[in-house]
Every structure is written in structure tokens, then in C-alpha cells.
Amino acid sequence: MSCGEKFVQRRIQGEPLQYILGNEYFGEYEFFDGPGVLIPRPETWFMVEFATAMLPNRGVFCELGTGSGAVALSVGALRRDVRIYASEISEDAFEWALKNREKLEQPGADFRLGSFFEPFSPDLKFDCVAANLPYIPESERPALQREVRDFEPDRALFAGDSGMADIKTALCLLPERLLPGGCAIFEGGSEQMIPLMEFASPMFRRVSIADDLYGKPRFLIIQT
């Protein structure tokens, strides 16, 4: 079977084109992409715009659940003055993040294998935190596209508590990790934004919601 025939067979079976080609663009940057890691979506780029605008000069940025490293490395590419940190719990995804760190020539980006803030020293605090954590409820699995449901990693897609479990955990950890005047942004489902805002409001000075590029409420914004 020729390479072209194998390509066609993989697509017929539903494998995402990004996995077959081995790369995907996120904003203006190209990232290695493949089995074991979430494919970056265009709407997530807003997190990069938010972080680069909000970070102070020589600020400190952290991404939780970095996956391919797309958000963290894009922030690092646009803000060379900023220190970049990122964590990732999946060993498979972490390997893709390391490959992309080399591809984008950012050896100083501090990527750690582990959950949430656990890999970092307790006294390390951040000016801005971003996270696109799993937020799809298990009940929505049958309705997902085959490319997503059967090929992208479950650990990057699904979460308990109507999809909000991981985001709530991160929100509870956040007050001890943000510097005074710091901020954070979380991606989630549009139907989750109001419940998450109500959950987070007692912990922070200001909590708001921002729309994605399709006009849907998508991002929970935290300011201390």
C-alpha cells in the first residue's frame, strides 16, 4: 500500500487530518501534533491574546494542562520578556510539548510533568495563569464528532461534575498561586460559564465572562 493509500485509509477510519499530517497551525505558529495530545482549536487563541495583553513587563506566566504547549509557547513567542511555565499530567501529551518547545526555540520555557500546580515550588507565584482543562461532560460523548470521540485523548476532553470538576479544582488552588494584581483565564463550555462564575466569585475580587470568536460565552476571567 502506497503512502497516499495509507493516508486515505486513515482518514476513512476517522483519524484527524492533523494527526495524519503531524502538525497544526495555532495562530501564526505551527505545532507538531499527533496521537495522545489535544488538537489546538482556533477559539482558544483568545487565551493567548488575553495573556499577552495582561502580563506586566518581565511577568511570569503559567499554563495548566498545556497539552501540545500551543498556548504557553505562543505567549512566549509574542512576549519574549516573560518567564513561561507549564504543567501537563499526560506523559504522551508532555512529549509533544517538549517537541514543540524545541521547534519554537524556547528552551527557557519551564515545562513540568504533573497535575495542576503540583510540579512547581510552593513559593512560585504567577502574574497570569491560563488553562484549557477537560470540560466536556461524559454524557455528551455520543454526540461528539468521530474524529474527536475516537481519536483525541479522553483525559484531555472529559471531566466529572458536568464537565467542571478540573476547572473547579484549579480555581480552588489559584488564590495561593496568583501574585497581587494577577489574573487568570479558563476555557469552558458556554453552559458552564454562569455556574463557574458563581463558584469562583467568593474567592476573587472580580470574575467575568468573555465570548469566543463565534460569539459564545467561552472564557472565565479572574482578577485578584
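For the chain, the dipole from Cβ point charges (+1 on Lys and Arg, -1 on Asp and Glu) about the Cα centre works out to 380 debye, to the nearest 20.
Relative to the current alpha-carbon distance between ILE20 and ARG58, full extension at 0.36 nm per residue lengthens the span by 9.9 nm.
Hey, what number do you get for the chain at 222 nm if only DSSP H runs of n ≥ 4 count, each worth -39500 (n - 2.57), divided across all residues, to the nearest 500?
Values: 9 runs with 72 residues, N = 224.
So the helix-based figure for the chain works out to -8500 deg cm²/dmol.
Can you tally the net charge around LEU196? Count Lys and Arg as +1, Asp and Glu as -1, for every other residue whose Cβ sits under 13 Å from the Cβ of LEU196. Mind dumping the intermediate values first?
Details: positive: LYS168, ARG218; negative: ASP161, ASP166, GLU187, GLU191, GLU198.
It works out to a net charge of -3.
Under 21 Å Cα-Cα from LYS125, which lysines qualify once same-chain neighbours fewer than 8 residues away are excluded? Partners found: LYS168. Report, to the nearest whole %, how much of the accessible area of segment 1-142 belongs to carbon and sulfur atoms, 1.4 Å probe, protein only. The value for segment 1-142 is 52 percent carbon and sulfur by accessible area. Note on ASP92 and GLU118: the extension gain reaches 7.5 nm, defined as 0.36 nm multiplied by sequence separation minus the Cα-Cα distance. For segment 1-15 versus segment 190-216, the inter-centroid distance based on Cα atoms is 41 Å. If the elastic network links every pair of Cα atoms under 10 Å, which of GLU28, GLU140, GLU198 fluctuates the most in the Gaussian network model of the chain? So, out of GLU28, GLU140, GLU198, the one fluctuating most is GLU28.
What number comes out for the charge environment of GLU30, summing +1 per Lys or Arg and -1 per Asp or Glu over other residues with Cβ under 14 Å away? List each step's numbers first, then the result.
Numbers: positive: LYS99, ARG101, LYS103; negative: GLU24, GLU28, ASP33, GLU102, GLU105.
In short, -2.
LEU113 sits with roughly 80 Å² accessible to a 1.4 Å probe, with DNA, RNA and ligands left out of the calculation.
Tell me which chymotrypsin sites (Phe, Trp or Tyr not before Pro) from segment 188-224 have a DSSP coil assignment and no more than 10 other beta carbons within 10 Å of their own. Display every interim value, and only then the final one.
On the way: sites: PHE199, PHE204, TYR214, PHE219; in loops: PHE204, TYR214.
Sites meeting the loop and neighbour criteria: TYR214.
Take the chain, drop everything but the C-alpha atoms, weight them equally and run the Debye formula without solvent; then report log10 I(q)/I(0) at 0.08, 0.14 Å⁻¹ to two decimals. Listed by q, the Debye log ratios stand at -0.28, -0.85.
Between amide H atoms placed 1.01 Å from N, distances below 5 Å from SER68 occur with LEU38, all of them 5 or more places distant or on a separate chain. For segment 122-214, trypsin sites (Lys or Arg not before Pro) are listed when DSSP marks them as loop and at most 13 other Cβ atoms sit within 10 Å of their Cβ; the list is ARG205.
Between ALA143 and LYS216, the contour length at 0.36 nm per residue exceeds the alpha carbon distance by 24.4 nm.
The values are calculated or read from the model by the stated rules, or taken from the named source; none is laboratory data. Keep in mind the model is a prediction, meaning the values are calculated, not measured. Note: ideal-geometry Cβ built from the backbone for every residue, glycine included; neighbour counts use all protein chains shown. All accessible areas refer to the heavy atoms of the entire protein, side chains included, with ligands and DNA or RNA removed. Shrake-Rupley method; radii C 1.70, N 1.55, O 1.52, S 1.80 Å.
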